[in-house]
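J.: Got a structure here, written out as structure tokens. Questions coming.
The values are calculated or read from the model by the stated rules, or taken from the named source; none is laboratory data. Computed from a prediction, not measured in an experiment: that's the story for all the values here. Note: ideal-geometry Cβ built from the backbone for every residue, glycine included; neighbour counts use all protein chains shown. Surface areas here come from the heavy atoms of the whole protein model, side chains and all, with no ligands, DNA or RNA. Shrake-Rupley method; radii C 1.70, N 1.55, O 1.52, S 1.80 Å.
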Amino acid sequence: MSYNDIMDVGGDEIFIFVLAIGITLWFLIRWYAYIAGARSFKPLAAKKATLAFMPLISAALILIVLIFWAAPDVVGFYRVFYVVLGFPWIYLGILLMFLTLNLSWIDDILNHNNKASFGTIIGCILSFTLIYAGSNVGDGPGWWCVVFSALLGFALWTVLAVILNLTTKLSYRVTVERDGAAGFRYACYFIAIGIIIGRACAGDWLSAGATVADFLYAWPAAILTAAAIGIEQFFIHKTDNDGIEALSALAGLLYLGAAAASLILLPELSINQLR
């Protein structure tokens, strides 16, 4: 990052960058403080290690997208800028996860060592990361394009997650009943809609209206949510546990396969055309 790169940065970008650094530091200090302060016993060690690596994993995913699919001028300072900007969005997602789904990484994982919640919460964090990363794909005139796209993505994620939870009580089954198979299906669902919504957030910026129109390509996430509701009704009414794990693995693969298929079948993105 050269001196000239810094001098070319706008005043609004400096303000947003400093604000994002502040939120990021607040988030990461609390994150690692809670992990370090959690009681240490063997069953929790692997979960604590995974949680410790999650911010690094999220940053790596965002950076990969910035390197290969962001605008050509997103280099140097701007790669750092958008990676740092990602952490406030992940923090926002974690708050939404708690407020709308009653999933708490502190209570469910660190305090109660809930194996079922662990997978679900990791799936949520990856989902938020994918949505924000997708918002960085393509060309645009400034950081507000990424923010606008991410807002659309997070809003849809919240609506779909709430609908699924209200109709299936998945959060209750994961946090209270500690249903590990349900937690696995929940995690795969979140990763799948993160992929689909992230794809819908991607593309060159032409206007706010055009971005909203492009975001309609998130429709497979709604179809997947409807399918998940039907699948969960099957599991709710299943009276025996025979084959639950195998069927849950199949359902999870179905969600992820549907997300992959949506990437292949939806129209190819036209990106980096504003150069």
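J.: Report yes if some residue within segment 53-71 is among the β-branched types (Val, Ile, Thr) and over 22 Å from Ala202 (Cα atoms); otherwise report no.
T.: Kept after step one, since they are among the β-branched types (Val, Ile, Thr), are these residues of segment 53-71: 57, 62, 64-65, 67.
If we keep only those that are over 22 Å from Ala202 (Cα atoms) too, we end up with none.
For segment 53-71, residues among the β-branched types (Val, Ile, Thr) and over 22 Å from Ala202 (Cα atoms): absent.
J.: Continuing with this model, one more query. Output the qualifying pairs, or none if there are none: Cβ atoms under 8 angstrom, residues six or more apart or on different chains, first residue in segment 166-179 and in contact (Cβ under 8 Å) with a residue 40 or more places away in the chain, second residue open to solvent by 100 Å² or more (accessible area, probe 1.4 Å) and outside any loop (DSSP other than H, G, I, E, B).
T.: Arg178/Lys115
J.: Go through (1) surrounded by 21 or more Cβ atoms within 10 Å (Cβ to Cβ); (2) at negative phi; (3) small (Gly, Ala, Ser) one by one and return the number of the condition Gly180 breaks.
T.: Of the numbered conditions (1) surrounded by 21 or more Cβ atoms within 10 Å (Cβ to Cβ); (2) at negative phi; (3) small (Gly, Ala, Ser), the odd one out for Gly180 is (1).
J.: Still on this structure: If you check Leu152 against the conditions, is it in contact (Cβ under 8 Å) with a residue 24 or more places away in the chain, on the phi < 0 side of the Ramachandran plot and among the hydrophobic types (A, V, I, L, M, F, W, C)?
T.: When the stated conditions are applied, Leu152 passes them.
J.: Any residue in segment 79-101 that is in a loop (DSSP other than H, G, I, E, B) and touching a helix residue (DSSP H, G or I) at 6+ places or on another chain (Cβ under 9 Å)?
T.: Taking segment 79-101 and keeping what is in a loop (DSSP other than H, G, I, E, B), we get none.
The answer is no, given that none of the residues of segment 79-101 is in a loop (DSSP other than H, G, I, E, B) and touching a helix residue (DSSP H, G or I) at 6+ places or on another chain (Cβ under 9 Å).
J.: Could you identify the single residue in Trp26, Trp89 that is surrounded by fewer than 17 Cβ atoms within 10 Å (Cβ to Cβ) and either within 24 Å of Phe15 (Cβ to Cβ) or of a type in the set (Asp, Glu) (or both)? Walk me through how you get there before you give the answer.
T.: Values: Trp89 fails: surrounded by fewer than 17 Cβ atoms within 10 Å (Cβ to Cβ).
It is Trp26.
J.: Can you tell me which of Ala187, Ala251 is in contact with a Lys or Arg (Cβ under 7 Å, 6 or more places away or on another chain) and surrounded by 15 or more Cβ atoms within 10 Å (Cβ to Cβ)? Full working, then the answer.
T.: Details: Ala187 fails: in contact with a Lys or Arg (Cβ under 7 Å, 6 or more places away or on another chain).
Just a single option satisfies the conditions, and that option is Ala251.
J.: From Ala227, Ala200, Ala208, grab the single residue that is in contact with a Phe, Trp or Tyr (Cβ under 7 Å, 6 or more places away or on another chain), open to solvent by 40 Å² or more (accessible area, probe 1.4 Å) and among the aliphatic types (A, V, I, L, M).
T.: Numbers: Ala227 fails: in contact with a Phe, Trp or Tyr (Cβ under 7 Å, 6 or more places away or on another chain); Ala200 fails: open to solvent by 40 Å² or more (accessible area, probe 1.4 Å).
Testing whether each residue is in contact with a Phe, Trp or Tyr (Cβ under 7 Å, 6 or more places away or on another chain), open to solvent by 40 Å² or more (accessible area, probe 1.4 Å) and among the aliphatic types (A, V, I, L, M) leaves just Ala208.
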